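Notes to accompany the following structure.
The values are calculated or read from the model by the stated rules, or taken from the named source; none is laboratory data. Note that the structure is predicted; figures quoted are calculated from it, not measured. As a convention, Cβ positions derive from the backbone with ideal geometry for all residues, glycine included, and neighbour counts pool all protein chains shown.
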C-alpha cells in the first residue's frame with residue numbers, strides 16, 4: 001500500500017462511538033456472565049473438581065473446539081467483510097444469508113455423523129491420560145453434545161449477518177438462555193442422570209440460542225430461504241478468505257484445548273481448576289475486550305471498503321487505548337485478589353480450600369496475559385477486516401507449537417500454573433508479531449497521544465497494585481478487601497484519566 005496513514009484524528013471521537021455501540025454487549029454480558037458463574041457454581045456445588053467434571057469438560061471442549069475451529073470461529077472473520085458490501089440490498093443480503101445457512105447445515109450434519117461413528121476413537125485422543133472408566137463417561141458425554149457443533153455454527157452465521165448491520169444484542173442475548181438451560185438441567189436432572197445432566201443442558205441451550213435470533217433477523221429484513229447459490233460472487237470471495245480465517249481464528253481454542261490435553265496427565269481436578277480459573281479470567285475480557293473488538297471489526301470492515309486508511313488507523317489507536325485502560329486494571333485485580341474471587345464464587349459444597357488454591361494458581365497464570373490475549377485477538381480482527389487472513393494464520397500456526405512446548409515444559413515444575421502461564425506467553429508472542437506485521441502492511445504508526453495514554457495506564461497500574469497490597473494488609477474480611485480493591489481501581493484510574501473520560505462523555 002502506498003498511502004501512509006496519518007497520525008491526526010478525524011472529527012468526532014472514535015472511542016465514544018465504540019463505547020456507545022459496544023455498551024449493549026457489555027450490559028448483556030453483565031447479566032450473562034453472572035449467570036455463567038452461577039452455572040459454574042452449581043456445577044462446582046453438585047460435582048466439585050472431580051474426575052466426573054474433568055470428563056465433562058474434556059467432552060464439552062472437543063465439539064466446542066471443532067465448531068469454533070472449523071465453523072463459527074472463522075465464520076465471522078470472513079462473512080462480515082464479505083457481506084458488508086451487500087447490506088443495503090435486502091433481497092441480495094437475504095439470498096447470501098440463506099446460502100451460508102444451508103451450506104452450514106449440510107456440512108455440519110455430515111461432520112456430526114462422522115464424529116458419532118468414531119466417538120470411541122476420538123475419546124481416546126482427547127483424554128489420553130484418563131482411566132478406561134473415565135474414557136467411557138467422556139465418550140457418552142461427547143455423544144450427547146455432538147449437536148452443539150451444528151447449532152453453534154448456525155448461530156455464528158446469524159451473528160455475522162446481524163453484526164454487519166451493527167446489531168450486537170441478539171447474539172449476546174443467546175448466552176443468557178444457554179446458561180439458564182444448563183442450570184435448569186443440572187438442578188432438575190442431576191439425581192436421575194448425574195453428570196449427564198450437564199451435557200443435556202448444553203445441547204438444549206444451544207438449540208434455544210438459535211430460536212432467539214429469528215425475531216431480530218426478521219426485524220432487519222433478513223429472510224431465510226431454501227436457496228444455496230454457490231455461483232454468487234460473495235461465495236467466491238468467501239472461499240478465498242475461508243482457509244486463512246479458519247487457521248487464524250483457531251489458534252486460541254486450539255491452544256486452550258492442547259493445554260487441557262497436556263493437563264490431563266496432572267492429578268485429578270487440575271483440568272477442572274483450569275476451567276474454573278478461565279471462567280473468572282474471561283469476565284473482564286467479555287465485559288471490555290469483546291465489545292471493543294466486535295464493534296471495531298464491523299467498523300474497520302466498512303472503512304476498508306471505502307479505502308479510508310486514516311479512519312482505520314484512528315480506530316485502531318482508540319481500540320488499543322480502550323483495551324489498556326480497561327484490562328490492565330483488570331489484570332491487577334485478578335492477580336492480587338484472585339484467591340478472594342475464587343473463594344467467594346466457588347468455595348462451597350464439594351469445592352474446598354484445596355480447589356480454591358489450585359484454581360487461583362491457574363487464574364494467576366491466565367491473568368498476567370489478559371491484555372495481550374485481547375490485543376492479539378483484536379489485531380487478528382483488524383487483519384480480517386482488511387481481507388488479510390494469511391498473516392494472522394501464519395503467526396497462529398507457529399504459536400500452536402510454541403504453546404504446546406511451553407505448556408509441556410512449564411507443567412512439570414508448576415502444574416496447572418504452567419499450562420495457564422503458557423497461554424499468556426503465547427498471547428504476548430502473537431501480539432508482538434501481529435503488531436510488527438500490521439505496521440509493515442499498512443505503514444501504521446501509533447499516534448504519540450496513544451503511546452502516552454498507554455504508558456499512563458502502566459503507571460496507574462503500578463500505583464493501583466501498591467494501593468491494593470496496602471488494603472490487603474489493613475483489612476481481613478474478604479468482601480471488604482474486594483470492595484476496597486474495586487473502589488481503589490475506580491479512584492486511581494479516574495484520577496489518571498479524568499480528562500480522557502470527560503472527552504468521551506462530552507457531546
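Some values worked out for this structure:
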{"item": "Which listed residue, of 226, 235, 281, is under 21 Å from residue 375 (Cα atoms) and either more than 25 Å from the chain's Cα centre (by Cα) or outside the structural domain of residue 134 (by TED's automatic domain parsing) (or both)", "result": "281"}
{"item": "Meets criteria (at pLDDT below 90 and under 30 Å from residue 259 (Cβ atoms)) for residue 477", "result": "no"}
{"item": "Considering residues of region 185-232 that are under 26 Å from residue 107 (Cα atoms) and out of contact with any helix residue (DSSP H, G or I) (no Cβ under 9 Å at 6 or more places or on another chain) only, the residue surrounded by the most Cβ atoms within 10 Å (Cβ to Cβ)", "result": "218"}
{"item": "Residue check, residue 385 crowded, with 24+ Cβ neighbours inside 10 Å, at pLDDT 90 or above, under 21 Å from the mean Cα position of the chain (by Cα) and farther than 20 Å from residue 263 by Cβ", "result": "no"}
{"item": "Among (1) over 19 Å from the mean Cα position of the chain (by Cα); (2) modelled with pLDDT under 85; (3) surrounded by fewer than 24 Cβ atoms within 10 Å (Cβ to Cβ); (4) assigned to a helix (DSSP H, G or I) - the single one residue 88 does not satisfy", "result": "(4)"}
{"item": "Residue in region 471-483 that is in contact (Cβ under 8 Å) with a residue 60 or more places away in the chain, in the same structural domain as residue 454 (by TED's automatic domain parsing) and within 30 Å of residue 317 (Cβ to Cβ) present", "result": "no"}
{"item": "Answer residue from region 252-270, given it is in a helix (DSSP H, G or I) and more than 17 Å from the chain's Cα centre (by Cα) and is farthest from residue 124 (Cα to Cα) among those", "result": "270"}
{"item": "Matching option when the condition is modelled with pLDDT of 85 or more, outside the structural domain of residue 304 (by TED's automatic domain parsing) and assigned to a helix (DSSP H, G or I), among 71, 78, 115", "result": "115"}
{"item": "Answer from 370, 397, 358 - the residue that is assigned by TED's automatic domain parsing to the domain that holds residue 327, surrounded by fewer than 20 Cβ atoms within 10 Å (Cβ to Cβ) and touching a helix residue (DSSP H, G or I) at 6+ places or on another chain (Cβ under 9 Å)", "result": "397"}
